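K.L.:
Take a look at this one; I'll ask things after.
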Amino acid sequence: MLPVLVVHGGAGQIPKEQSEASTSGVCSAARAGYAILRGGGSSMDAVVEAVSQMENNPSFNAGCGSVLNVKGEVEMDAIVMDGKTLGSGAVSAVRNIANPVQLARLVMDKTSHSCLTAEGANQFARAMGVPEIPPESLITEYSRMRWKKNLAPDANPVECQMGKMGTVGAVAVDSEGNVACATSTGGMLNKMEGRVGDTACIGSGGYADNQTGAVSPTGHGEAIMKITLARLILFHMEQGQSVEAACDLGLAYMKSRVGGLGGVVTVDPQGHWAANFSSRQMVWAAAQKDTLHYGLYTGEHFTQSIDSPQ
Ligand code: ASP
């Protein structure tokens, strides 16, 4: 069953013309992360690699391709968590870094803190030698178009976002049974400047514990935070629920209690995994043994050989 890696490319409804790019984006990210696991690498290295790849892919709302805040600027959040040590690192509202997930990892590895925000996160990035890039280089034509559309007085950015695609994330278990998670996002469309979502918040936008498993969520951050979705799913697993059932219970509770939609990828230390969602779609891929699994709609599940030509 080990190792295993599962990624998502956001909950919502992916425009038809983008579904192929999103599907191939999650599949190649899963392959890249899984190659690290197959080479004996750690689950932390694998999830950071998979999420970095999706941050670099303009099809996703993370890194290049992030949605814009109300002022038309990029502000990104990211988190990592290591299930062996319960160490975690996060950044919020960072603007000119290509890979916020790598900066989150540096926060975990090189500081005694769990989260750095805005200018402080940028100062830390500078001190660590992380290259700064022009913030405009993270803005795509598509994200600018959606920003403009949602400035209209009758616009509903939350609904519009749930009708599109979102955040990226990954969970993994390595051959030693260590679990890890990573999540990265541009946040919610036309959010207020300085808004921090679930992604930077431990227990909401991610959680990993070798005693239970690892979760990376996506969806409406304010709803996810209200019910601490990642930790809630692990709680259900601690109570004896299967990975699948725990995901469904957490997502159903978020829907009934606060009207929130979203999705998750989850693993347990034995290598059971799930990619479940309450939104219309969530693009996901999972790599285990010789097989790559992937899908987009509920009930959809394609497979191919992990080594088949892409
Ligand atoms: N959870 C993210 C946020 O609220 C958005 C998403 O997953 O699409 O910042």
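Every read-out reported here was derived from the displayed coordinates using simple, explicitly stated rules and does not represent laboratory data. As the structure is a computational prediction, the values presented were derived from the model and not from experiment. Methodologically, a virtual Cβ is constructed for each residue, glycine included, from the backbone with ideal geometry; neighbour enumeration extends over all protein chains shown.
K.L.:
Mean-square fluctuation check for the chain, GNM, Cα pairs under 10 Å: which of 46, 214, 252 is largest?
P.N.:
Looking only at 46, 214, 252, the largest GNM fluctuation is found for 252.
K.L.:
If you rank 272, 8 by fewest surrounding Cβ atoms within 10 Å, what's the result? Can you show the working numbers first?
P.N.:
Details: 272 17, 8 32.
Fewest to most other Cβ atoms nearby, the residues stand as 272, 8.
K.L.:
With unit charges on the beta carbons (Lys and Arg positive, Asp and Glu negative) and the dipole taken about the Cα centre of the chain, which residue among 276, 298, 190 sits farthest to the positive side?
P.N.:
Most positive-ward Cα: 190.
K.L.:
While we're looking at this one, here's another question. Starting from the 7 Å offset along Cα-to-Cβ, what nm value, one decimal, do you get for the label separation of residue 132 and residue 255?
P.N.:
Label-label distance for residue 132 and residue 255, simple model: 4.5 nm.
K.L.:
Give me the net charge for the shell around residue 24: Cβ to Cβ below 14 angstrom, other residues only, Lys and Arg +1, Asp and Glu -1.
P.N.:
Charge balance near residue 24 sits at -1.
K.L.:
Turning to a different aspect of this structure: What ranking do 128, 145 get, fewest neighbouring Cβ atoms within 10 angstrom at the top? Don't jump to the answer; show the numbers that get you there.
P.N.:
Working: 128 14, 145 10.
So the residues, fewest neighbours to most, are 145, 128.
K.L.:
About the Cα centre of the chain, how large is the charge dipole given +1 on each Lys and Arg Cβ and -1 on each Asp and Glu Cβ? Please answer in debye to the nearest 20.
P.N.:
In total the dipole reaches around 540 debye.
K.L.:
Give the relative contact order (percent, whole number) for the chain; include only Cα pairs under 8 Å separated by 6+ residues.
P.N.:
25 percent
K.L.:
Can you put 293, 301 in order of Cβ neighbours within 10 angstrom, beginning with the fewest? Walk me through the numbers on the way to the answer.
P.N.:
On the way: 293 19, 301 13.
Final ranking by Cβ density, sparse to dense: 301, 293.
K.L.:
Between their Cα atoms, which of 110/255; 84/148; 71/226; 148/226 are more than 32 Å away from each other?
P.N.:
In this structure, 110/255; 84/148 lie more than 32 Å apart at Cα.
K.L.:
Would you tally the net charge around residue 35, using a Cβ to Cβ cut-off of less than 11 Å, leaving residue 35 out, and scoring K and R as +1, D and E as -1? Let's see the in-between values first.
P.N.:
Values: positive: 31, 38; negative: 45, 49, 307.
Counting the neighbours of residue 35, the net charge comes to -1.
K.L.:
Now, a different point. Just to confirm a number: summing +1 for Lys and Arg and -1 for Asp and Glu over residues other than residue 227 whose beta-carbon lies under 12 angstrom from that of residue 227, what do you get?
P.N.:
On the way: positive: 226, 231, 255, 257; negative: 198, 222.
Surrounding charge for residue 227 is +2.
K.L.:
Out of residues 5 or more away from residue 93 or on other chains, whose amide H comes under 5 Å of its own, with H placed 1.01 Å from N in the peptide plane?
P.N.:
76, 77, 118
K.L.:
Same structure, new question: Roughly how many debye, to the nearest 20, is the charge dipole of the stretch 86-207 about its Cα centre, given +1 on each Lys and Arg Cβ, -1 on each Asp and Glu Cβ, and no other charges?
P.N.:
Approximately 300 debye in magnitude.
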